[in-house]
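Take a look at the structure below.
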Amino acid sequence: MASRRRRKKKTWFVCNRQTDYYYEYTECDSTGSRWRVAIPQRTGACTGLPEPVRGTECTFSCEAGEFLEMSAQECTQCAAGSYSLGSGIRFDQWDSMPAGFSSLATSLENSPREDDRPTCNSSSWLPQGNYLESNRDECTVSLIYAVHLKKQGSVSFEYQYPDNNLLFEFFIQNDQCQEMDQSTDTKWLKLTNHGEWATHTVNLKSGTNILYWRTGGMLMGTKVVKPVLLKNVQIEGVAYTSECFPCKPGTFSRVPGSSTCEPCPRDTYSGHGASSCTPCNTTTQYAAEGSAVCKDRPPCSKKDYFQIHTACDHEGKTQVIYKWIEPKICLEGVTGAEPLRPSGAREPCPPCNPGFYNNDTATCSPCPPGTYSDGEKPCMQCPAGTEPTLGYEYKWWNILPVNMKTSCFNVGNSKCDSMNGWEVAGNHIQSGAGSSDNDYLILNIHVPGFKLPTSMSGHSGTEFGRITFEFETLCTADCELYFMMDVNRKSTTVVESWEKSKTRQTYTHVMTKNASVSYTWAFQRTNQPSDVRRYVNDVACIYSIKVSNAVDGVSSGCRACALSTQPSSSTCVPCPPGHYIDTLTSQCTECPRNTYLVSHATPGPEACKPCGPGSKSDKDHTYCYSDCDFTHTEGNVTLTFDFSVLGSVGSLMNGPSFTSKGTKYFHEFNISLCGGQLAVCTDNVTDLSITDSQREKGEGANSVKTFICQSTIIPASGRGFHTALSSQSINLADTFLGSLLLSVCLLIRSFEATSSCDSGRSAVVTLRCNPEKSTKGELSVPSQCPAGTCDGCTFHFLWESSGACPTCTERDYHRIEGACKRGHQDLLYVWTEPKLCVGGVTLPEKKTLPCEGMEFWIRLGAGLGAFTAVLLVSLTCYFWKKNKRLEYKYSRLVMSANKECEMPGADSCAVMEGENEGDMEDEVVYTKPSLLGKLKAIASKKYENVQLNSSHSKALVWS
């Protein structure tokens, strides 16, 4: 049986009350018109809705402090306790994530193993009341907000971005997810001073705009990254707002039609949408400016007061004064409260700082121009042949010097409440209390420029000045002391930082360009959010600060200068580059060959330091470098090397490497081999105010130009960023020490100390001949130290190249003789394999020489052989015949001798006297020897010469 489907009955509501519906505008048509329609508050259909009516023009907007009342379609003033921007919206309350904002984390895709890939689900932008805080890990997290503008507008926001270990970009997409065209300086945000807020504004086009605030960490160690802070996001161009925004807690708007809300005064508070502030019971409670609630006053303790020193009086005494930190929030006279220490104790004033004097007054005054003082004596004129040194030297801290400023910045509320960042304390200056533990306590000194001494004013490429300070930190929490500089008021960069407790030590930074610079020390007790003072005893102390060659400085001493060559002249004159001052003659003397001039050294020949082995100085004697031309002799063999074919600058990108959380990164090294062109490393994120040509020349504030430098490269893939990022550029070596010819090693180092390398960094570049490599060759680092260093201070590089082989000589090739053909012979020259040389001599061209054929020599040899054989046979026959005749004569002689002595007859017969020798030959019996035996006999037989005397013969009696 077929089942019957029951049709659901439609429910209708009656919407005749104004609270049952609200008004909205339709999309604008091609003519710029739209309609106002009523939308029911409840889901479903209803009756009694007002009919659609023609709406206002699409470009219609209300003034600030007004909203568009949709019923009458007229602009109406906002009520007290609320505000309106007219054609804009503002987000300044971050107790929770406002509607429309979302936080999206990108998982790290660069991990070498998928199982080890960390998750980023817990990474997000976090509301912190007055501001938003970015993530502190390596995950890439985007804060997203979409807005539809009826006309062209803009977006502006305030941010803190103090740490270049975190990347921060802001970009815009349309509704097709296409990125809008933006200049580089509007996309990548500039670094800010610690604790200070910067404002960033970008124009928006009409239509849909999707705003992205994106961060991603570069954690190369255990260092904690400082997050980006964001507040007061304001968007213009929405054309109208149909409602007013209530004032956030701690603020109020007193009158209708307000465009902003004011913060509540101190010791008052307000709730949401307040038109006035309510006073606190100041007897037991307090409230900071802009507070939403009143807090109970705690008992007073040591962290609630501080000490200062009064100015010196006419007796040379200063008083120690103890004061409550303002505003005072603690209670005296209650259980556990500590009273304020008594003031008025008089102490002797410290001496004046060098360059100042005390002329029986209560203050120290700077010495007049041309005079100097050590601070304890009156100002004096410099002797003839000398000139005063300019600069600052502060080692006594009775009052803050006039060119120094101190301040306190709270992370969320900009400046601290009437607090000084640093306090003078006699022989040192130390960080103050602050209003909370994560405040930045700032000390700043501004140097308008540098002025070299007269004798060195003509030098080029030398240091213009240096700053040296002595400090220590005493901490129980994760405190950090930053030393920063801002060149020409462009961008503040962190020069060096120190974490946790550090023993008393000295740090020096050299200024290599003549520019206006502000040096800043910032101390933060903890990096974690805090609104109380728990670690007030954690302090940073600075004992002395010395700046040399400051253009507005005072003189604490005199230095020798070169005098004019004119008779009886006492005028100091500049020395040419590479010249030192001869203290005996007060004249400029050029440094010897292959030495460099140390600019801050004592005048004299000792100021010229010799270059290391295998290096030479430039023409101005400013630095030493290798000309890439080496000669080494061992025994009778001389090897010549010319490394200029390798190129002036070599690059190496090692890796990839991965952080503990899986972020892929590379280390890029640039090495200047011959010194003619220095290597340059530049940040492409935080150094955006310079052009590409300036960046290539190393002219940016965050550029490093030296012999060897390093940058950290993060690829674009897997991080959500649209380009590879270069950051953390550092100088590894800026002084060429020399070369070791036996192993062809170049030794380069930097004497600038860092927090991890007290003696500076050093580098060794080993050049190795490898015929299988190209001329440019290949750079590599030790396999056991993939970052080029195992301790962070000593770096090793291997440069394998065919261009690292010695120069070719005649010893490196040999000759090959060809066969003689048709009376000609080819001579070829080939390299000895394997070829271990480059350049130098070239192979001689092939030669062709006349020659005799092989048939001629064969015939000649056969003829000589036949002649030799005939000669040997003839000589054999001759000597055989000769030997036979001598043997016959000997036999007859023996027979004759036996007969006369009547000896027994011999078995053989002898020729008697008078007999015919020829006739007796046939009667001689002998054994015929072989040919070989005859030859042996001829060679070995001794012949005797027997004289036959006729008278003697006659006397013989035969028996």
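The values are calculated or read from the model by the stated rules, or taken from the named source; none is laboratory data. It should be emphasised that the depicted structure is a prediction, and the values quoted were computed from it without experimental measurement. Positions of Cβ are backbone-derived with ideal geometry, glycine not excepted, and every protein chain shown enters the neighbour counts. Areas reflect the complete protein model, heavy atoms only, side chains present, ligands, DNA and RNA absent. Shrake-Rupley method; radii C 1.70, N 1.55, O 1.52, S 1.80 Å.
Quick rundown of the values:
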quantity	calculated
Protection-proxy order for peptides 64-75, 158-169, each taking the mean of Cβ atoms within 10 Å per residue, highest first	158-169, 64-75
Modelled FRET efficiency - R0 30 Å, residue 824 with residue 874, Cβ distances, 0.05 increments	0.10
Distance in nm between pseudo-label sites at residue 757 and residue 14 (7 Å out along the Cβ direction from Cα)	8.6
In Hz, Karplus ³J(HN,Hα) per residue of segment 266-283 (6.51, -1.76, 1.60; θ = phi - 60°; x = Gly, Pro)	4, 6, 9, 8, 8, x, 6, x, 8, 9, 7, 10, 9, x, 8, 7, 5, 5
Dipole magnitude of segment 760-892, debye to nearest 20 (Cβ charges: Lys/Arg +1, Asp/Glu -1, about Cα centre)	1440
Computed FRET value (nearest 0.05) for residue 457 with residue 278, which takes r as the C-beta separation and R₀ as 41 Å	0.05
Segment 294-367: relative contact order in percent, alpha carbon pairs under 8 Å with at least 6 residues between	33
Violating pairs (Cα-Cα greater than 24 angstrom) within the set 302/395; 190/226; 151/187; 302/328; 295/323	302/395
Order by protection proxy (mean Cβ within 10 Å, highest first), peptides 588-596, 22-30, 80-88, 232-240	80-88, 232-240, 588-596, 22-30
Per residue value of the accessible surface for segment 307-557 (all protein chains in place, 1.4 Å probe), Å²	45
1.4 Å probe accessible area per residue over segment 149-252, in Å²	36
Highest to lowest packing among 463-476, 422-435, scored as the average C-beta count within 10 Å	422-435, 463-476
Inter-probe distance in nm under a simple model that places probes 7 Å from Cα toward Cβ, at residue 886 and residue 347	13.1
Calculated from backbone phi, Karplus (6.51, -1.76, 1.60) coupling profile of segment 792-800 in Hz, x at Gly/Pro	x, 10, 10, 10, 10, 9, 10, 10, 9
Gain in span if fully extended, residue 587 to residue 152, counting 0.36 nm per residue against the direct Cα distance	149.7 nm
30 Å Cα-Cα threshold exceeded, pairs from 664/835; 664/773; 616/664; 490/705; 317/546	664/835; 616/664
Residues in segment 475-497 that a label on residue 512 would reach, taking backbone N under 16 Å of a point 7 Å out along Cα→Cβ	487, 495-496
Estimated dipole of segment 307-557 in Debye, rounded to 20 [Cβ of Lys and Arg +1, of Asp and Glu -1, Cα centre]	320
Check: segment 190-328 dipole with +1 on Lys, Arg Cβ and -1 on Asp, Glu Cβ, in debye	500
Pairwise FRET efficiency - residue 47 versus residue 785, Cβ, R0 = 60 Å, nearest 0.05	0.15
Length gained when the stretch residue 30-residue 774 is fully extended (0.36 nm per residue, less Cα-Cα span)	261.3 nm
Gain in span if fully extended, residue 76 to residue 601, counting 0.36 nm per residue against the direct Cα distance	181.5 nm
Label-to-label distance, nm, for residues given as residue 242 and residue 846 (7 Å Cα→Cβ offset)	9.4
Under 5 Å, built H, 5+ apart or other chain: amide partners of residue 807	640, 641, 642, 838
Estimated vicinal HN-Hα couplings, Hz - segment 145-162 in sequence order (Karplus 6.51, -1.76, 1.60; Gly, Pro = x)	8, 10, 9, 10, 9, 7, 8, 4, x, 7, 10, 9, 7, 9, 8, 10, 9, x
